Amino acid sequence: MATRYSFGGDDHIFAEVNEAMSLEAFFTSLSVTKAVKESQISAVTEVCPANASYQIKFDPDKIKPKDMLAELKRIESEAASAEAVISTRAVEIPVYYDDPWTRETLMRFRERHQDPNSTDLEYAARINNFDSIDSFIKAHSESPWFVTMVGFVAGLPFMYQMVERQRQIEVPKYLRPRTDTPKLTVGYGGCFACIYSVRGAGGYQMFGITPMPIYDPQQSISYLKDFMVFFNPGDIVKFKPIDRNSYDEGVEAVEAGTFEPVIRELVFSLDEFQSGIDEYNKNIGEMLHGN
Amino acid sequence: MGIRVISPGLATSVQDLGRPGYYHLGIPISGGMDRYALRCANLLVGNAENAAVLEAVFLGPEIEFTRNATVSVTGANLPPKVDGDIREGWTSFDIKKGQVLSFEYLQAGARAYIAISGGIDVPVVLGSRSLYGLGALGGFNGRTLQAGDEIGIGEKSGNSLAARSVPATLRRMPGSPAELRVISGIYWHRITEEAKANFFEDTWRVASEADRIGYRFQKGRPLSFIDRKQPFGAGSDPSNIVDSCYPYGSIQVPGGTEPIVLHRDAVSGGGYCMIGTVISADMDYIGQLQPNMEVNFVEVDLDTALAVRHERNSGLQQVREIE
């Protein structure tokens with residue numbers, strides 16, 4: 001499927017790589033947007049990769065929209081021949097699944113849910129044919145995820161699990177969005193996981209909470225001093241189930257300035273990954289938990 | 001120090017021309033919703049066009065000055081007063097230390113820009129002083145103004161520039177009904193031919209959910225989508241797509257009922273398909289729309305959008321040349 005381009009007004013170009021989500025579509029989005037950034041066209045003011053599409057914003061006083069489109073197509077054709085390999089990092093995110101805060105919140109908004117008689121986790125496990133919440137949590141946390149987009153609000157990662165399509169978890173969003181979601185809720189909508197960077201409205205199902213802040217406009221949290229947003233598109237995430245004690249310890253460590261996220265640098269190759277997904281993912285897990 | 005807030009108005013915030021470059025991380029450009037009015041306000045008091053000003057929405061603040069300054073108020077017709085005496089909008093005037101700036105009730109438009117010589121001096125965050133409220137970022141302490149806030153003003157350059165005025169012909173405001181020109185596209189092909197025609201034919205009204213993130217419109221006929229098997233990951237509603245970026249000014253219609261036009265504090269992406277985008281030159285007008293006002297969306301092509309943008313830029317050039 002060829003990329004479909006459309007002007008967004010007179011100062012954006014929107015490019016749909018594919019209507020459907022896939023890791024291949026995401027990699028095209030990532031490599032083209034990387035090439036656009038590297039081309040350093042001064043009229044370009046925003047370069048935004050997304051799940052299966054991307055968008056650029058430009059100054060039409062400096063470049064004619066049609067010239068911008070031609071330039072983008074040229075960059076895309078060059079980037080298409082590049083190997084799908086990126087230097088990135090894997091990050092371990094501790095998650096307290098089925099925690100009391102998201103549970104309290106989901107109970108408050110039960111009338112907006114598809115199944116008012118079960119929790120979001122129970123519902124998601126059932127419609128994805130898992131026999132228990134535990135086996136659902138195992139599938140959610142065992143294989144890693146790609147951060148395929150950062151946005152909606154500041155620093156919020158959308159994540160797509162690094163497994164075959166038939167193993168992808170799919171869950172509808174709430175029937176009507178909630179007006180409240182606890183900060184750092186680990187959520188799910190469509191085929192995407194997310195972490196709510198700030199408290200606020202939301203429509204994703206709520207599975208748990210992480211003690212690890214991912215957005216800090218004050219830049220007072222130790223690992224966010226250099227930059228206030230933790231995630232970048234292309235990051236790899238592995239969830240680690242934790243209990244209440246570990247959660248409390250995590251929160252205390254963040255407050256004390258001693259929390260250190262587990263991060264490992266790696267070079268990711270889409271071909272290598274696809275030739276042995278479980279083995280590749282196991283290695284990522286060992287990198288994070290091993291050394 | 002420079003000003004003390006006696007009463008804050010409704011949602012008065014510090015804004016400049018915004019914070020480009022971080023939209024890929026979900027941090028929107030922010031900045032004045034009516035950028036033209038913001039630039040004019042700064043030019044009138046001798047500031048750089050990008051200096052930080054106060055954006056007041058619907059209701060003006062009451063501010064005591066703790067030093068002398070030149071001030072201008074542009075955008076909405078929200079008549080300014082100095083110690084109770086009316087001053088003219090779009091025209092600079094002097095305020096002395098100890099005097100109080102307040103406002104009459106709103107007469108037209110929605111957002112007024114209050115420029116103070118020297119500019120509002122709050123910390124620059126990621127290249128801008130603009131408030132991004134959802135992210136508690138920038139502005140004065142990451143929030144809108146509150147009573148008792150004491151806010152610094154930058155060093156003013158040169159002498160008083162009072163009594164400079166933008167001529168009436170260059171005071172840009174939306175008409176009634178307002179016309180918002182749109183380039184259709186992005187996922188325009190997802191709605192039916194009938195819906196396409198209705199969208200431009202119907203007169204819409206600004207809903208009460210109208211803020212810096214986006215404006216919602218109602219009273220037009222619902223838009224129907226073309227049936228399809230939803231692509232993997234797109235979600236079940238026909239208005240859903242695989243979550244993507246949203247252009248500023250893009251028009252999404254969740255469930256096909258009420259169009260939403262995203263503005264300067266836009267959510268940067270999501271899963272609702274966009275049927276087109278308001279042209280860049282008309283974005284300022286949205287910032288001046290009040291709830292319940294009538295709006296027509298008018299389809300234009302790219303060349304028209306660029307011509308209108310050029311015309312707007314020439315108007316600004318004339319303001320720059322005012323002595």
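All conditions in (1) at pLDDT 95 or above; (2) farther than 22 Å from residue B:27 by Cβ hold for residue A:8, with the sole exception of (2).
Selection of region A:250-291 for residues being hydroxyl-bearing (Ser, Thr, Tyr), part of a helix (DSSP H, G or I) and over 16 Å from residue A:237 (Cα atoms) yields only A:275. For residue B:21, the conditions (1) surrounded by 22 or more Cβ atoms within 10 Å (Cβ to Cβ); (2) touching a strand residue (DSSP E or B) at 6+ places or on another chain (Cβ under 8 Å) all hold with the exception of (1).
All of A:160, A:247 fail the test of being of a type in the set (Phe, Trp, Tyr), within 22 Å of residue B:23 (Cβ to Cβ) and not in a loop (DSSP other than H, G, I, E, B), apart from A:160.
Within region A:194-231, if we keep just the residues that are surrounded by 24 or more Cβ atoms within 10 Å (Cβ to Cβ) and among the small types (Gly, Ala, Ser), the residue that is modelled with the lowest pLDDT turns out to be A:202. When region B:121-156 is limited to residues that are surrounded by fewer than 13 Cβ atoms within 10 Å (Cβ to Cβ) and assigned to a loop (DSSP other than H, G, I, E, B), the one that is farthest from the other protein chains (Cβ to nearest Cβ) turns out to be B:155. Quick one: would you say residue B:64 is surrounded by fewer than 23 Cβ atoms within 10 Å (Cβ to Cβ) and touching a helix residue (DSSP H, G or I) at 6+ places or on another chain (Cβ under 6 Å)? It is false that residue B:64 is surrounded by fewer than 23 Cβ atoms within 10 Å (Cβ to Cβ) and touching a helix residue (DSSP H, G or I) at 6+ places or on another chain (Cβ under 6 Å).
If you go through region A:1-16 and pick out every residue that is more than 10 Å from chain B (Cβ to nearest Cβ) and touching a strand residue (DSSP E or B) at 6+ places or on another chain (Cβ under 6 Å), you end up with 1. Screening A:53, A:132 for residues that are over 19 Å from residue A:212 (Cα atoms), more than 14 Å from every other protein chain (Cβ to nearest Cβ) and hydroxyl-bearing (Ser, Thr, Tyr) leaves exactly one candidate, A:132.
Return the total of residues in region A:135-167 being within 14 Å of chain B (Cβ to nearest Cβ) and under 20 Å from residue A:283 (Cα atoms). Selection size over region A:135-167: 9.
Of B:214, B:235, B:249, B:220, which residue is surrounded by 19 or more Cβ atoms within 10 Å (Cβ to Cβ), at pLDDT 95 or above and facing another protein chain (nearest Cβ under 10 Å)? Result of the check over B:214, B:235, B:249, B:220: B:249.
Checking each residue in region A:168-211 for being within 10 Å of another protein chain (Cβ to nearest Cβ), closer than 18 Å to residue A:233 by Cα and not in a strand (DSSP E or B) picks out A:191, A:197.
Has region B:1-16 got at least one residue that is of a type in the set (Val, Ile, Thr), over 18 Å from the mean Cα position of the chain (by Cα) and buried (at least 24 other Cβ atoms within 10 Å of the Cβ)? Within region B:1-16, one or more residues are of a type in the set (Val, Ile, Thr), over 18 Å from the mean Cα position of the chain (by Cα) and buried (at least 24 other Cβ atoms within 10 Å of the Cβ). Listed here are the strands (runs of 3 or more DSSP E) enclosed by region B:4-90 that have at least 2 residues being closer than 16 Å to residue B:284 by Cα and assigned by TED's automatic domain parsing to the domain that holds residue B:119: B:53-57, B:69-77. Annotation: of all residues in region B:109-120 being in contact with a Gly (Cβ under 9 Å, 6 or more places away or on another chain) and part of a strand (DSSP E or B), the one that is farthest from residue B:63 (Cα to Cα) is B:109.
Give the residue that is farthest from the chain's Cα centre (by Cα), with candidates limited to residues of region B:281-304 that are in a helix (DSSP H, G or I) and acidic (Asp, Glu). Among residues in region B:281-304 that are in a helix (DSSP H, G or I) and acidic (Asp, Glu), the one farthest from the chain's Cα centre (by Cα) is B:303. Among all positions in region A:30-50, there is no residue which is farther than 26 Å from residue B:28 by Cβ, of a type in the set (Asp, Glu) and more than 11 Å from chain B (Cβ to nearest Cβ).
For region B:85-96, the condition of being in contact with a helix residue (DSSP H, G or I) (Cβ under 8 Å, 6 or more places away or on another chain), of a type outside the set (Gly, Ala, Ser) and under 19 Å from residue B:149 (Cβ atoms) holds for none of the residues. Annotation: residue A:219 fulfils all but one of (1) of a type outside the set (Gly, Ala, Ser); (2) over 28 Å from residue A:167 (Cα atoms); (3) in contact (Cβ under 8 Å) with a residue 24 or more places away in the chain; the unmet one is (3).
Here's the yes/no breakdown for (1) buried (at least 24 other Cβ atoms within 10 Å of the Cβ); (2) more than 10 Å from chain A (Cβ to nearest Cβ); (3) within 23 Å of residue A:16 (Cα to Cα):
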site: B:268; (1), (2), (3): yes, no, yes
site: B:271; (1), (2), (3): yes, no, yes
site: B:277; (1), (2), (3): yes, no, yes
site: B:284; (1), (2), (3): no, yes, no
site: B:288; (1), (2), (3): no, yes, no
site: B:294; (1), (2), (3): no, yes, no
site: B:297; (1), (2), (3): yes, yes, no
site: B:300; (1), (2), (3): no, no, yes
site: B:304; (1), (2), (3): no, no, no
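Looking at region A:91-114, which of the residues that are over 27 Å from residue A:288 (Cα atoms) and among the hydrophobic types (A, V, I, L, M, F, W, C) is surrounded by the fewest Cβ atoms within 10 Å (Cβ to Cβ)? Step by step, filter region A:91-114, then rank; the result is A:107. Is one or more of the residues making up region B:164-173 touching a strand residue (DSSP E or B) at 6+ places or on another chain (Cβ under 8 Å), modelled with pLDDT under 95, closer than 22 Å to residue B:52 by Cβ and not assigned by TED's automatic domain parsing to the domain that holds residue B:274? The answer is yes, given that some residue of region B:164-173 is touching a strand residue (DSSP E or B) at 6+ places or on another chain (Cβ under 8 Å), modelled with pLDDT under 95, closer than 22 Å to residue B:52 by Cβ and not assigned by TED's automatic domain parsing to the domain that holds residue B:274.
The values are calculated or read from the model by the stated rules, or taken from the named source; none is laboratory data. Everything quoted here is computed from the prediction, not taken from an experiment. Please note: Cβ atoms are built from the backbone with ideal geometry, for glycine as well, and neighbour counts cover all protein chains shown.
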